[in-house]
Structures are given as C-alpha cells and as structure tokens.
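Right, one structure below, let's go through it.
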Amino acid sequence: MKIDPRLLDIIRCPECKGLLAPVGEELVCQGCGLAYPVRDDIPVLLVDEARKPA
C-alpha cells in the first residue's frame with residue numbers, strides 16, 4: 001500500500017473523526033477500531049465498506 005504520509009495527516013475516520021493508521025492493506029481507526037479497505041492505493045472511507053473490530 002502506497003499512501004502519501006501527508007494524506008494520512010489529513011484524513012480522518014468518517015464515523016468518529018479518529019486518526020487512521022495503516023495496518024496491512026487497511027486503514028484502521030485508532031478511535032473506534034473500524035478498518036477501512038484500501039483499493040489500488042486509494043482509501044475507501046465509507047462506513048458501509050468498513051470492517052468492524054473483532
């Protein structure tokens with residue numbers, strides 16, 4: 001996954017506005033734990049597409 005670090009400084013979780021951290025091929029919210037997929041190096045920040053924490 002190649003996401004510009006400057007972009008990671010700007011984008012936030014659409015559910016809780018928490019910080020997102022790259023984990024594998026996902027961006028995981030440090031607040032609510034939702035994991036957002038990254039497809040073709042583009043974050044898909046849709047709550048309906050997010051994986052809920054286990």
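A few remarks follow.
- Taking Cβ atoms as reference points and 13 Å as the exclusive limit, the residues near Cys32 contribute a net charge of +3, counting Lys and Arg as +1 and Asp and Glu as -1.
- Charged side chains reduced to their Cβ positions (Lys and Arg at +1, Asp and Glu at -1) give the chain a dipole of some 160 debye around its Cα centre.
- Alpha-carbon Rg with Dmax, taken over the chain, Å: 9.8, 29
Rule-based calculations on the coordinates, nothing more; no lab input. Please read these numbers as outputs of a predicted model, since none were measured by experiment. Cβ sites come from the backbone with ideal geometry, for glycine too, and all protein chains shown count toward neighbours.
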